[in-house]
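Accompanying notes for the structure given below.
The values are calculated or read from the model by the stated rules, or taken from the named source; none is laboratory data. Everything numeric here is computed off the predicted structure, so don't read it as measured data. With ideal geometry, Cβ positions are generated from the backbone for all residues, glycine too; neighbour counts draw on all protein chains shown. The area values use the complete protein model at the heavy-atom level, side chains included, leaving out ligands, DNA and RNA. Shrake-Rupley method; radii C 1.70, N 1.55, O 1.52, S 1.80 Å.
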Amino acid sequence: MIKAVRGTKDILPAESCVWQEIEKTSRDNLKLFGYQEIRTPVIEETALFVKNIGEETDIVSKEMFSFVDRGERNISLRPEGTASIIRSYIENNLDKISQFQKLYYIGPFFRAERPQAGRLRQFHQIGVEAIGSLHPALDAEVIALSAKLLDSAGIKGYKLKLNNLGCRDDKKKLSKMLKDIFSDKKGEHLCEDCKRRIKMNPLRVLDCKNDGCREVVRKTFKEASFICAECKTHFEEVLKFIGMLNIKHEIDPYIVRGLDYYTRTVFEITHEGLGSKDAIGAGGRYDNLSLDMGGPDVGACGFALGIDRMTMVLGRGKESSTVDIFIANIGDAAYEKAFGILNDLRNNEISCEIDYEKRSLKAQMRAADSMGAKFVLIIGEDEIVKGEAALRDMKTKEQILIKFNDMVSKIKEKVR
Ligand code: HAM
């Protein structure tokens, strides 16, 4: 039997209701914060990610699903959303409509990582990109929005960690500083990956999860002394606005993020319930990306939450009621009557289901129960003669009789 591809999973009905709830409350909140949805393709030219996420990042160097298509073009499944959104912003001249754009997306992303709990090859994000402002209040608002989406989804106990990476020049200074520190003896204690990183992408040494590296790094590097005055002030302002919004947070000088486009504010949200892959969401500012990609010189920031990880923290799916009314019927005449009522109820926005198999009343009641029906409408030969049916409340077990003529209005009263 052919099974689902390694690192992908089916979202079954018992779980999809949790996904729908997360997506719905998120969309409501995103509207509240002035965001509009953008949907971009899941495939893009590989160069988009290589140039903009960074050639030496883990995502680009080892995790992309890339292929050459029939037209000899290099294509990749999108590993993240930010580069695609900025591409679309520039390509569709969205800055000409309004230079400031608040965009959000919900959808699948792909990274060829080694699969484990909470780490998938097809995963899903809710992401936002606020493009067109350098103002520190925007950083604070974006961070507040990430917390609001998690709160509204019912996720408790997450931790928000912030850092200031400074501008591109500051990042260069930090890279050089780390290279200098770890090129000598201290570097010998780093893991093999970090030894490579020191040469190619020194910043990533700071957030290596390897215990040995963490110890060496924490002993050697304490604070961001390399940051310029302008970036320092910007971050202080961000913290001031975050304070005004009452958002609980920690400053963590070891957060650098795995994508090269970030500058200034970066943040990560972690949750203990996720084990070693503990990031439930992350984001930050990326003020050079639009200009680098040939677009206008605009500041921007955003974040993405991992929906798969959000559902993991919330626990397995809960059974939800699928229909308001299940129509149990006995005999051919009752079946025909029931079929008509089924249609009338659905036309009146009342969800209902019927038994197609003409099973016993007992079997039909069992089916209604496992379906989570709130009421069962029972129609038998007697009921046809009397012109009425019994409506049973599956919770209280109370039963009332309803005339066929009043059926829709009476049931509406009950289910609303
Ligand atoms: P990221 O940190 O690479 O950032 O991913 C954001 C979130 O996506 C992670 O915190 C995690 O919850 C989820 N995620 C990532 N990889 C996987 C995976 N293999 N399996 C399950 N979940 C995963 C970005 O993608 C940036 N584009 C975020 C951003 C938007 N920054 C600015 N704007």
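Taking the options Arg78, Arg70, name whichever one is away from the ligand (no atom under 13 Å from the Cβ) and not acidic (Asp, Glu). Break it down stepwise before answering.
Values: Arg78 fails: away from the ligand (no atom under 13 Å from the Cβ).
Residue meeting the stated conditions: Arg70.
Among the helices (runs of 4 or more DSSP H) confined wholly to the range 255-361, which include 1 or more residues that are within 14 Å of the ligand (Cβ to nearest atom), under 30 Å from Leu160 (Cβ atoms) and open to solvent by 10 Å² or more (accessible area, probe 1.4 Å)? First the steps, then the outcome.
Values: elements: 289-292, 307-314, 332-347.
The helices (runs of 4 or more DSSP H) meeting that bar are 307-314.
Which residue out of Asp151, Asp139 is touching a Gly at 6+ places or on another chain (Cβ under 9 Å) and among the acidic types (Asp, Glu)? Please lay out each step first, then the result.
Numbers: Asp151 fails: touching a Gly at 6+ places or on another chain (Cβ under 9 Å).
Just a single option satisfies the conditions, and that option is Asp139.
Are any residues in the range 93-131 within 14 Å of the ligand (Cβ to nearest atom) and more than 28 Å from Glu272 (Cβ to Cβ), and if so, which ones? Before you say what the answer is, go through the steps one by one.
Here is the first cut: in the range 93-131, the ones within 14 Å of the ligand (Cβ to nearest atom) are 101-131.
Result: Gln101, Lys102, Leu103, Glu129, Ala130, Ile131.
Take the residues of the range 371-406 that are of a type in the set (Lys, Arg) and in a strand (DSSP E or B): which is least open to solvent (accessible area, probe 1.4 Å)?
Keep residues of the range 371-406 that are of a type in the set (Lys, Arg), which gives 374, 386, 392, 395, 397, 403.
The next check asks that each one be in a strand (DSSP E or B); those that pass are 392, 403.
Working: Arg392: 62, Lys403: 98 Å².
Among those that are of a type in the set (Lys, Arg) and in a strand (DSSP E or B), it is Arg392.
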Please determine, by comparing only the residues of the range 12-24 that are open to solvent by 30 Å² or more (accessible area, probe 1.4 Å) and under 14 Å from the mean Cα position of the chain (by Cα), which one is nearest to the ligand (Cβ to nearest atom). Glu23
Which ones in the range 3-42 are within 30 Å of Ile131 (Cα to Cα) and either touching a His at 6+ places or on another chain (Cβ under 9 Å) or hydroxyl-bearing (Ser, Thr, Tyr) (or both)? Trp19, Thr25, Ser26, Tyr35, Thr40
